[in-house]
Structure formats: structure tokens, C-alpha cells
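For reference, the structure is listed below as C-alpha cells.
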Amino acid sequence: MPENINRILICKLKFYGDVLLTTPVIATLNRLYPHAKIDVLLYKDTKAILAADPRINTFYLIEKKVGLLKTIGNFLTVRKQLKNNSYDLIINLTEQWPIGLLVASLHRYSVAFERGKSSWNRLFSKVVPPVGTHIVEQNLSILAGIGVAEKEWVKALSLFYTENDKHALLQTEPALNDKRYVVIQPTARQAFKCWDDDKFASVIDYLMQRGLHVILTCGPLQSELDQVNCIASLCKHKPDVQFAGKTSFLQLAALIDGAALYIGVDSAPMHMAAALKTPQVCLFGATNHQQWRPWSDEATLIWAGDYHEMPNRDVLDRSKKYLSWIPVNTVIDAVAAVLDKDVRTKGGNPNE
């Protein structure tokens with residue numbers, strides 16, 4: 001291991017939520033080596049979730065699904081850029097073989113998680129086994145490869161946005177600062193992570209009867225917009241859908257940061273709420289909730305497995321809504337408990 005660390009590269013090529021869950025590693029390295037420049041290697045689209053992080057020096061980006069020739073050209077260009085940086089330390093948090101080979105080709109001190117194949121392990125200067133239950137703990141455990149003990153970890157998630165991100169929301173809804181509101185993102189990339197539309201509608205009606213403003217959000221895909229519009233159509237009291245599919249990731253962060261409560265399923269915004277320390281109620285089904293739960297003391301988790309047996313991952317039907325087993329009254333009770341606690345802490349009328 002090098003004695004002086006002045007330039008660090010962190011590799012994480014996966015989805016938005018996975019990238020956000022690496023921020024404790026970034027924070028720990030930033031605290032241990034405050035003068036070091038920290039670069040990250042990501043998929044191009046996932047840069048959006050870390051774009052305002054002041055601890056990141058440079059983003060290096062890999063494009064997905066652009067064809068074989070463009071992919072090879074992209075890798076070669078990025079490799080040349082990385083080679084010129086002469087990294088003192090590379091932390092590889094991804095499992096893709098092309099990235100492992102890319103890291104090995106830089107011939108710098110590198111750390112990765114140990115795998116069953118020796119051909120993988122030989123690509124890196126040091127390999128360590130992942131340790132811990134939650135993915136945040138597992139990510140941080142890679143730092144054992146440079147002698148960092150658990151007592152030195154910065155365990156909190158972090159998410160940064162700009163004043164421009166907040167200003168964009170206020171341009172759409174100038175009265176946003178004056179409203180006590182709840183953000184609900186009911187959508188996920190796959191159906192097995194979703195709850196029933198009519199149950200979400202019941203929760204929304206409950207919230208609006210309490211006098212809260214309810215904002216429904218989602219990604220830009222038409223399927224997600226259709227789901228949000230369906231939920232809104234089932235509500236007796238119509239929620240606000242003007243932000244659905246129209247916010248950037250960091251605008252959504254600003255929206256969640258100002259909310260009294262976030263409600264959602266196993267998706268990236270759930271981790272965003274955790275990073276922003278916004279109280280939340282999250283619903284889990286046939287995923288490992290112990291590994292992927294919100295990394296926050298402000299989160300209430302409701303698991304469908306408490307109401308019906310969940311399948312093993314190898315027999316998971318990704319078109320099935322396993323969250324359907326969660327009763328609507330359970331969610332409403334959890335929401336009420338969070339809101340009432342918030343009111344008792346801050347003072348005020350619990351029915352507002």
C-alpha cells in the first residue's frame with residue numbers, strides 16, 4: 001500500500017441507488033485524506049445523483065448500450081484519461097469483468113472485493129471479503145484493504161443539490177415553501193417492487209384529510225406516468241402531479257428534503273430520503289430488506305414478508321406485485337405514527 005495518497009479513483013458502475021450508497025466510502029476517504037483528489041468512474045446516466053457532490057474532483061463516465069465499437073472506443077478513451085492520472089489508490093466497488101481488467105491495466109495500487117475466481121482476485125493489488133449485513137456496511141468494509149478500521153468509517157449517506165435545483169421547483173410551484181407536504185413515489189423499475197394503486201390512493205386520501213399537501217413523483221417513463229395518473233384518478237382528494245416525470249434527480253432531492261414525510265417502495269428515491277434524513281415510510285417485498293433497507297434512523301420499513309411468505313430470488317416472478325400482501329391500514333398507521341411524532345417534536349396541531 002502506498003504511503004502517500006494524493007489521487008484516488010472509486011469505481012461503481014450500477015444503478016442510481018447503488019451509486020448513492022457509496023457516499024459513505026467517499027466521505028471516509030475524504031476525511032482520512034482531506035488533500036487527496038477523489039475521482040469516480042460511473043455509468044454516464046448515474047452521474048446525475050452525485051453531480052453536486054463537492055468532494056468529487058472529476059467524473060469519468062462509461063456509456064451503456066451504445067454498440068460494440070462505441071463501447072470499445074469509450075473504454076479506450078477513459079483508460080487513457082485514467083492512466084494519465086497516476087492514481088495512488090483505486091477502490092473498485094463493481095463486479096464487471098471489463099472494469100476489473102481496466103483497473104488492472106492501470107498498474108496502480110487497487111482494492112476490490114474477493115470473489116470465488118482466482119483470475120478475478122489476481123487483477124487487484126489487494127482483495128478483501130465483503131463484511132456486514134447492509135450494503136453500506138459491505139461497501140465500507142472494502143476499506144480494510146487499506147487498513148481502515150470500522151471505528152474510522154463515516155457511516156452516514158450524503159446527497160447534495162444546488163440552490164438552482166430548489167429554485168426550479170419554486171418556479172413551478174411558488175407556494176411550495178409555505179406548504180406542509182408529503183412526497184410519494186409509488187413507482188419502481190420492476191413490478192415486483194410496486195404496491196397496489198388503489199392502496200396508494202387510500203393513503204393519499206388519508207393524508208389529504210389531515211390537511212397535508214400530497215405530491216406524487218415518478219421517473220419520465222410513460223409506464224411510470226401512467227401509474228401515477230391511475231393512482232391520482234382513484235383518489236377522492238386529488239394529489240399534486242405537476243412534478244411527476246419532470247424533475248431531475250437533484251430537483252427531486254430538493255423536493256424530498258423539504259417534505260414532512262416521504263413514502264415509497266424499494267427504489268433510488270428511498271435512498272435519497274435516507275441521505276437527506278427525511279422521515280419516511282417504505283414498503284418492501286421480495287427483496288432482501290435487511291441488505292437494502294433505507295440507511296436511516298428516520299425510516300419505518302414495512303415488509304410484505306411479515307404478511308405472507310416471500311419467494312427466494314431464484315424463483316422470483318418479476319411481474320408479480322408481492323407488496324400486495326401489505327394491508328393499507330398498516331401503512332396508514334405507520335404514516336400516522338411518523339406524522340404525530342413529528343408534530344410532537346416540533347409542536348403544533350396533529351391534524352395539520
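The values are calculated or read from the model by the stated rules, or taken from the named source; none is laboratory data. This one's a predicted model, so the numbers in the text were calculated from it and none came from an experiment. Glycine also receives a Cβ, built like all others from the backbone with ideal geometry; neighbour counts cover every protein chain displayed.
List of remarks:
- Condition met for Ala144 (surrounded by fewer than 21 Cβ atoms within 10 Å (Cβ to Cβ) and not in a loop (DSSP other than H, G, I, E, B)): yes
- No other residue among Glu309, Glu298 is assigned by TED's automatic domain parsing to the domain that holds Ala334 and free of Cβ contacts under 8 Å to residues at least 12 places away in the same chain apart from Glu309.
- Breaking point among (1) at pLDDT 95 or above; (2) in a loop (DSSP other than H, G, I, E, B), for Leu323: (2)
- When residues of segment 29-59 are limited to those that are within 18 Å of the chain's Cα centre (by Cα) and among the hydroxyl-bearing types (Ser, Thr, Tyr), the one surrounded by the fewest Cβ atoms within 10 Å (Cβ to Cβ): Tyr43
- Those residues of segment 75-93 which are surrounded by fewer than 17 Cβ atoms within 10 Å (Cβ to Cβ) and either hydroxyl-bearing (Ser, Thr, Tyr) or not in a helix (DSSP H, G or I) (or both), in sequence order: Thr77, Asn84, Ser86
- Residue within segment 272-289 that is closer than 23 Å to Gln138 by Cβ, among the hydroxyl-bearing types (Ser, Thr, Tyr), assigned by TED's automatic domain parsing to the domain that holds Gln185 and under 14 Å from the mean Cα position of the chain (by Cα) present: no
- Set side by side, the residues Val136, Val111, Val128 differ, and just one is under 25 Å from the mean Cα position of the chain (by Cα), surrounded by fewer than 17 Cβ atoms within 10 Å (Cβ to Cβ) and either under 24 Å from Asn85 (Cβ atoms) or not assigned by TED's automatic domain parsing to the domain that holds Thr278 (or both), which is Val128.
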